[in-house]
Structures are given as C-alpha cells and as structure tokens.
Amino acid sequence: MQAASTQRGRAKEIRRKALLTAAAGLFAEKGFNRVSLEDLGAAAGVSGPAVYRHFPGKQAVLGELLLSVSRELLDGGMRVAAEVTDPRAALDELVRFQVDFALSNPEVIRVQDRDLDSLTEEDETEVRHLQRLYVEVWVGVLEKLHVGTDISELRVRAHAAFGLINSTPHSVRNHGRRIAAKSARTILERMAIAALTTSS
C-alpha cells in the first residue's frame, strides 16, 4: 500500500513538472494571457480540467514557475558564496552558474521579463524579494573584490551582468543564429567577468 502511494506521489510530481515545463514554453511563445488551461493540459499530455489536480488555476502555474526558478537561483548563489572562499573564484563560479541557467532556461527568462505583472500581488512580491536577495549574494562577493566601492555601484554591476547574460541566449535564437553551446558559454562568461572585474 505504501509503495503504491509513493508511486502515485512520484507520478503526480512528474505531471506537475511536465505542466511547468509546458507552461514555460507556451507562455514564452504566446504570452500568459493568450494561453488557456486547455493549451497547458494538451502540451503536458493531460486534459484541461486535469490541470486543477495540480494547480488552482493558470495564475498559480505562473506563480510556481517563477517562484521555483527564483528559489533555485538564490539557493545556488548562496551555496557558491558559502563554499568558495576566494572572492575571484566565487565570482567566476557565480557567473558560470548564471550562464548555465540562462542557456538552459531562455523561455523562463522571457516569461519573467514579459509576464511578471501577471502574478498575484503576493507571488510578485515574493519573486522580487527572492531576486533582491540573489543580487545581494553577488554584491557580497563583489564587495570583497572592489574594496571601498560604493555598494550602489556594485548593484549596478550585478544587474548589468544579469542583463548581459540573460538577454544574449534569447537574442541569438531570435535572430536565427545558432552558436554552439560551448562557444556561447565562453563568450558570455568572458564578457560578464570583464564587466564585473574592471576597475571603476
């Protein structure tokens, strides 16, 4: 009985993740407002009403998508900052982590840029809070590299690096120019590190 219950739980989690993956692709392609529950269900291989077994509605799907990504980024950034004591090595690792995320999740980035204001007020507040905490992880590392630099400048540097890293994979695909993932990664990492380490 317990094994059957565990198996059902795993199957439910797989379907839930499939819905989130489908939502990322559909929201990125069409925009949140132009995607129906039926669209989501069909893309994930279930009926529209079956979506309600996993989420209260379409807005909850969007909320879980962006909240889970924000938590993932914050957890990863905090792990790097805690485990890598040398600030330059920590910055290199943070950049690699963000580049990996950007190259793996261009749809999620597009959804975040376009549909953040479609979240409930509570979810939007939480997403923005998690993102601010993630920025501060980067700022904490940058403070050790740029001793005495005003913290507001370090935040600007962090945001500029995010903009560079997050926008490039989408713009490359958008113009139909596909670069090998390894080449794209190298270019993004070098450009971001240059922007973050250059003297004021």
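The values are calculated or read from the model by the stated rules, or taken from the named source; none is laboratory data. None of the values given here were measured: they were computed from a predicted structure. Glycine also receives a Cβ, built like all others from the backbone with ideal geometry; neighbour counts cover every protein chain displayed. Accessible surface areas use protein heavy atoms only, side chains included; no ligands, DNA or RNA. Shrake-Rupley method; radii C 1.70, N 1.55, O 1.52, S 1.80 Å.
Listed values, structure above:
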| item | result |
| --- | --- |
| Residue, farthest from Thr198 (Cα to Cα), within segment 122-139, restricted to residues that are of a type outside the set (D, E, K, R) and open to solvent by less than 40 Å² (accessible area, probe 1.4 Å) | Val127 |
| Matching residues, segment 80-111, being within 17 Å of Ile187 (Cβ to Cβ) and acidic (Asp, Glu) | Asp92, Asp100 |
| Residue count, segment 164-200 (criterion: crowded, with 17+ Cβ neighbours inside 10 Å, modelled with pLDDT of 90 or more and of a type in the set (D, E, K, R)) | 1 |
| Matching residues, segment 140-163, being of a type in the set (Val, Ile, Thr), surrounded by fewer than 19 Cβ atoms within 10 Å (Cβ to Cβ) and touching a helix residue (DSSP H, G or I) at 6+ places or on another chain (Cβ under 9 Å) | Thr149, Ile151 |
| Single condition Arg114 does not satisfy, out of (1) free of Cβ contacts under 8 Å to residues at least 12 places away in the same chain; (2) under 28 Å from Arg185 (Cα atoms); (3) not hydroxyl-bearing (Ser, Thr, Tyr) | (1) |
| Matching residues, segment 122-149, being part of a loop (DSSP other than H, G, I, E, B) and small (Gly, Ala, Ser) | Gly148 |
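Each row is one residue, and each column tells you yes or no for (1) among the hydrophobic types (A, V, I, L, M, F, W, C); (2) under 17 Å from Ala158 (Cβ atoms).
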| position | (1), (2) |
| --- | --- |
| Lys30 | no, no |
| Ala42 | yes, no |
| Gly57 | no, no |
| Gly77 | no, yes |
| Gln98 | no, yes |
| Ile109 | yes, yes |
| Ser118 | no, no |
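Yes/no matrix, rows are residues, columns are (1) more than 19 Å from Ser104 (Cβ to Cβ); (2) modelled with pLDDT of 95 or more; (3) in contact with an Asp or Glu (Cβ under 6 Å, 6 or more places away or on another chain); (4) hydrophobic (A, V, I, L, M, F, W, C):
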site	(1), (2), (3), (4)
Arg8	yes, no, no, no
Ala11	yes, no, no, yes
Ala18	no, no, no, yes
Pro49	yes, no, no, no
Leu62	yes, yes, no, yes
Leu65	no, yes, no, yes
Leu74	no, yes, no, yes
Ala82	yes, yes, no, yes
